[in-house]
Amino acid sequence: MYTQTIDGCMADVIGDAGLTPAQLNEWLAKADWGLGLLRKGHRDGSLPLVLLPERRDDVPMIEDRASHHRERADTVVVLGTGGSSLGGQALYSLADAGFGPSGDSPRIVFLDNIDPHTFDHLFRSVDLARTDFIVISKSGGTAETLAQAIVCIEALLEGEDEANIGDHFTVITEPKPSPLSTLAQHYGMAVLPHDRGIGGRYSALSVVGLLPAAIAGLDPVNIRSGAESVVADILSGDRCPAALGAAVQCGLTKVSGVTASILMPYSDRLAALGLWYRQLWAESLGKNGEGTLPVRAVGAVDQHSQLQLYLDGPRDKLFSVVQGPVAGTGRVMRAALAGDKGDLGYLDGRSMGDLFDVMQRATPDTLIKNGCPTRILSLDRVDEDGLGALLMHFMAETIIAAGMLGVDPFDQPAVEQGKVLARQYLGEIAPRR
Ligand code: PA5
């Protein structure tokens, strides 16, 4: 599905900022913990996220629920935050680069914030009778998600009988008592189970990511097949791409002082992948003083925004450039159409994809020539299989990196403090009636 090239992270190519083969091997040896966890999890089922790629039994349930919303709705709003939203966003962007999904699929809007202005705008902008909602919360107790669901129910009740509200909703949550389960039961909403053993930021390949994907017309089986190839690599070799990626990330951090991990796909359809990756990497590794700052960039746009800093600022970044097969695609540019007098000869007769392609190759080459650690992930195709593979690659890489750094990839203890304080502040506000 993809090829990873780490030559641009090695000292013989980029000089002092790179790793020597001995340093790479030293870090690769530390992949044991993560690889062991992933392999054991696959063998005995103790890590369900590694078994998701081969799972097929839940696909009919996902397709059925997707059909329910595809038939009823012009707009589907996905409510939820963090890992309950970003995997779906990453997958959905494959189907919708800004003009809605193709065919007769409804448009999906991911609302992962609680800005009242956005919700007021939503209620003014859509036909609520033709709008459905997917509410996703693993815990069923996240204040932001419950608030979103409650205001959407209230807006629907202004135009519909309470008896019809449940049809507008699908809830994805753990099968256990929770405020969200109570709400779902009260309105007779369909509830799909969130696997208790899969944390939010590792749930993209579960119903959490695949229901929005299926509503948008993407094939859940192809997404999982792509991921399956990555699991096969993990099971079969210690130098698998995910382990090498983790060794490069952690090795460069400890050896060369890298503090930031930049993910730069050259595809609008992968633009949301960077948002998902940012949360996965930050929330999984940022513990006990460890972790690097994940940065989302998009080629070619960020060549005109961040590249100056990348090339000429502090040498503290690792670049992961994701390339797709775009050469020869798109319309062919005719310079005569621009009244060209000869200046545009370099564009003439080349397709827009040719221009995109040379840029996705020239940028990493320039970074490497300037001694900036750069790895290239080259996709065979930008499609469900390719994205499924990348999602699985980065989840595995993150877990392996956590083992190298000695942190728990599955918890997020620090974020609890703010939640407790926010509840305390809310308690200090007199209820408005
Ligand atoms: O990745 C995570 O674990 C978090 O970002 C959660 O997804 C986020 O806090 C939302 O939690 P929940 O799904 O329980 O509402």
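The values are calculated or read from the model by the stated rules, or taken from the named source; none is laboratory data. This one's a predicted model, so the numbers in the text were calculated from it and none came from an experiment. With ideal geometry, Cβ positions are generated from the backbone for all residues, glycine too; neighbour counts draw on all protein chains shown. With ligands, DNA and RNA removed, areas are computed over all heavy atoms of the protein, side chains included. Shrake-Rupley method; radii C 1.70, N 1.55, O 1.52, S 1.80 Å.
Considering only protein heavy atoms and a probe of 1.4 Å, how much of the accessible area of the chain is carbon and sulfur, as a whole percent?
52
To the nearest 20 debye, what charge dipole does the chain have about its Cα centre, counting +1 at the Cβ of each Lys and Arg and -1 at the Cβ of each Asp and Glu?
Charge dipole of the chain: 680 debye, to the nearest 20.
Quote the convex hull volume per residue of the range 224-292, based on C-alpha atoms, as a whole number of Å³.
119
Need the list of lysines near LYS287 for cross-linking: C-alpha distance under 26 angstrom, and skip anything on the same chain fewer than eight residues off.
List returned: LYS30, LYS40, LYS138, LYS254, LYS317, LYS419.
Within the chain, what's the longest run with no GluC sites (Glu not before Pro) in a DSSP loop and at most 12 other beta-carbon atoms within 10 Å? Give the range, please.
159-427
Using the 2.2 N^0.38 Å rule of thumb for compact globular proteins, work out how the chain stacks up: its C-alpha Rg over that value, please.
1.03
Just the accessible area per residue of the chain, please: how many Å² with a 1.4 Å probe?
44
In the range 231-313, which trypsin sites (Lys or Arg not before Pro) fall in coil by DSSP and have 14 or fewer other Cβ atoms within 10 Å?
ARG239
I need the chymotrypsin sites (Phe, Trp or Tyr not before Pro) found in the range 83-161, filtered to DSSP loop residues with at most 16 other beta carbons within 10 Å of theirs.
Here the sparse-neighbourhood loop sites are PHE99.
Report the one residue of SER261, PRO220, PRO241 whose Cα lies farthest in the direction of the positive end of the charge dipole of the range 220-278 (charges on C-beta: Lys and Arg +1, Asp and Glu -1; origin at the Cα centre).
Value computed over the given set: SER261.
Of TYR346, VAL77, ILE399, which is farthest along the charge dipole of the chain in the positive direction, counting Lys and Arg as +1 and Asp and Glu as -1 at C-beta?
Most positive-ward Cα: ILE399.
If you take the Cα atoms of the range 169-282, find Rg, then find the Kirkwood Rh from the mean of 1/r over all pairs, what is Rg/Rh?
1.06
How many nm is it between the label spots at ASN288 and TYR346, if each spot is 7 Å from the Cα in line with the beta carbon?
Between ASN288 and TYR346, the label points sit 5.0 nm apart.
Round to a whole angstrom and tell me the spacing of the C-alpha centers of the range 159-220 and the range 1-46.
The two parts, judged by their Cα centres, are 36 Å apart.
Could you work out how far helix 59-72 tilts from the main Cα principal axis of the chain, as a 0 to 90 degree angle to the nearest 10?
70
Spelling out what I want: for every residue of the range 180-191, take phi, set θ = phi - 60°, compute 6.51 cos²θ - 1.76 cosθ + 1.60 (Karplus), and round to whole Hz; glycine and proline get x.
3J(HN,Hα) across the range 180-191, in whole Hz: 6, 4, 4, 4, 4, 5, 4, 9, x, 7, 5, 10.
Round to the nearest 0.05 the FRET efficiency obtained for ALA190 and GLU158 when R0 = 22 Å and r is the Cβ-Cβ distance.
Once rounded, the FRET efficiency stands at 0.45.
Return an integer: the convex hull volume of the alpha-carbon atoms of the range 25-172, in Å³ per residue.
173
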